[in-house]
Amino acid sequence: MDAARYTVAMRLAVLCLLAAAAFAQPPAAPEVKAGGVALTLPAPADDFVEAGDRLRTTFFELMVPSANRLLAAYVPSAALTGSQPKAGFDVYAMVQVPRQAEYGELTADAFVEVKQSVGSAMGNFGSDKVAPFEEELNLRLKAAGAKPLEIGRPEMLGAAFDKSDSVGYLMLIAVKSGDTTKKMVGGLAALRLKQRLVFAYFYRPYESEDSVLSAKKSLESWTGALLARNQ
């Protein structure tokens, strides 16, 4: 091989190595704005990815109450392999912001009151709280041509953690579609990110008590990462 061809071959090899290294890196955490403030929202774990615009708008936004605005949605990267993503997801996570409070400055003292309010709401989360959301959700599903869902009364599992800028709760939820009922572990965290109130949700199937412990660990670790990236 002459010198010119050797040089071209070496350059191509270097480019291939650089491309492989780039694809091996985990995807960058999405940056979004809440109340005019830029937030960086890392995924719950390294094997999760942000769902992307199409899936976020056609699937995940259907599950967001009208009082909130969806900032990002995440699924395990394995769930998006193949030419078409799955119609539903066993494990997923979302970050939302309450519309009415989106532009409000959330001080440390105000967040203490938010935590008290969230704790009170979680302690009285009965069927009367689920029914309006179920009705809203099924109207959206009907418009999208999807089957309706029945959401059972959540079984509250109490606080998962309580820290200065975050608080998390766990619950068990039974969701029925047709003749199929799936029991899920749901995690909700309220966070104070750059003076903004943000909600993080994490869901996974319930199989045993280990499922609850896993969801607790995932939610607490994720909220810690969200806070760390938005100092």
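The values are calculated or read from the model by the stated rules, or taken from the named source; none is laboratory data. Not measured: the values here are computed from a predicted model. Neighbour counts are summed over all protein chains in view; Cβ atoms, including those assigned to glycine, are modelled from backbone coordinates with ideal geometry.
Table: residues versus (1) of a type in the set (Ser, Thr, Tyr); (2) in a strand (DSSP E or B); (3) in contact with a Leu (Cβ under 7 Å, 6 or more places away or on another chain); (4) surrounded by 17 or more Cβ atoms within 10 Å (Cβ to Cβ).
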residue	(1), (2), (3), (4)
38	no, yes, no, no
44	no, no, no, yes
75	no, yes, no, yes
78	no, no, no, no
89	no, no, no, yes
94	no, yes, yes, yes
133	no, no, no, no
141	no, no, yes, no
145	no, no, no, no
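When region 134-166 is examined, which residues are found to be hydrophobic (A, V, I, L, M, F, W, C) and within 13 Å of residue 188 (Cβ to Cβ)? Even if it seems obvious, please write down each step before you answer.
Applying the first criterion (hydrophobic (A, V, I, L, M, F, W, C)) to region 134-166 yields 137, 139, 141, 143-144, 146, 149, 151, 156-157, 159-161.
Across region 134-166, the qualifying residues are 156, 157, 159, 160, 161.
Residue check: is residue 49 more than 15 Å from residue 202 (Cα to Cα) and either at pLDDT below 90 or surrounded by 10 or more Cβ atoms within 10 Å (Cβ to Cβ) (or both)?
Working: more than 15 Å from residue 202 (Cα to Cα): no; either at pLDDT below 90 or surrounded by 10 or more Cβ atoms within 10 Å (Cβ to Cβ) (or both): yes.
In short, no.
Within the group 44, 76, 30, which residue is in contact with a strand residue (DSSP E or B) (Cβ under 8 Å, 6 or more places away or on another chain), within 21 Å of residue 226 (Cβ to Cβ), of a type outside the set (A, V, I, L, M, F, W, C) and modelled with pLDDT under 90?
The match here is 30.
Identify, please: which residue in region 152-208 is part of a strand (DSSP E or B) and among the polar types (S, T, N, Q) and is, among those, surrounded by the fewest Cβ atoms within 10 Å (Cβ to Cβ)?
First, pick out the residues of region 152-208 that are part of a strand (DSSP E or B): 155-163, 166-177, 180-193, 196-205.
So of that shortlist, the ones also among the polar types (S, T, N, Q) come out as 166, 177, 180-181.
On the way: 166: 24, 177: 14, 180: 8, 181: 11.
The residue in question is 180.
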